[in-house]
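First up is the structure itself, then whatever we jot down about it.
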Amino acid sequence: RLPRRQDGAGDHVALAAHSDWKARLVSAVATSSTELKVSEVRAPDRCAFGAWLHGTIEPADRAAKQYEPVASLHARFHQLAADVLDLAQTSQRDAALAAIEPGSEYAGVSADLADHIVEWRRSRNLKT
């Protein structure tokens with residue numbers, strides 16, 4: 001079963017974590033300041049969803065047809081996020097902003113990942 005937030009809220013931990021990462025990245029770009037490290041952001045198993053996806057996932061969820069597309073999109077999201085963070089941390093703020101704007105690969109992968117997570121939840125008949 002896909003993980004849920006510990007407080008029992010209806011939001012799936014994956015969507016909440018995904019939104020949190022996006023917000024932290026936007027803040028890092030906007031302020032050129034963050035505690036995030038490029039190497040940690042690049043690793044897809046360092047966030048809460050990634051730790052579940054690559055670790056504690058139930059065998060039935062790993063066997064689901066949605067697993068591979070979600071895992072692939074999740075890894076790509078982290079690669080792109082790390083690239084954006086690297087730009088922001090190397091005084092390339094304009095390039096970092098361009099890399100996260102609507103229509104960018106980052107924005108597309110981010111939206112696709114969220115859509116695939118929702119689809120996975122629906123396929124498992126989980127409450128949204």
Listed residues Leu80, Leu53, Leu97; largest mean-square fluctuation, Gaussian network over the chain with Cα springs below 10 Å, found at Leu97
Give me Rg over Rh for the chain, both radii from the alpha carbons and Rh done the Kirkwood way, two decimal places. 0.99
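Before rounding to the nearest 500, sum -39500 (n - 2.57) across all DSSP H runs of length at least 4 in the chain and divide by the residue total; then give [θ] at 222 nm in deg cm²/dmol.
Numbers: 7 runs with 83 residues, N = 128.
Rounded to the nearest 500, the figure is -20000 deg cm²/dmol.
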So for the pair Arg124, Thr56, with labels modelled 7 Å out along Cα→Cβ, what separation do we get in nm? 1.3
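Return the carbon/sulfur percentage of the accessible area of the chain, one whole number, probe 1.4 Å, all protein chains in place.
Details: 3390 of 6980 Å².
Percent of accessible area from carbon and sulfur atoms in the chain: 49.
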Taking 8 Å as the Cα distance limit and 6 or more residues as the minimum spacing, I'd like the relative contact order of region 56-107 as a percentage. 23
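The values are calculated or read from the model by the stated rules, or taken from the named source; none is laboratory data. Because the structure is a prediction, the values reported are computed rather than measured. For neighbour counting, all protein chains shown are included, and Cβ atoms are generated from backbone atoms with ideal geometry for every residue, glycine included. Protein only, heavy atoms only, side chains kept; ligands, DNA and RNA dropped before computing areas. Shrake-Rupley method; radii C 1.70, N 1.55, O 1.52, S 1.80 Å.
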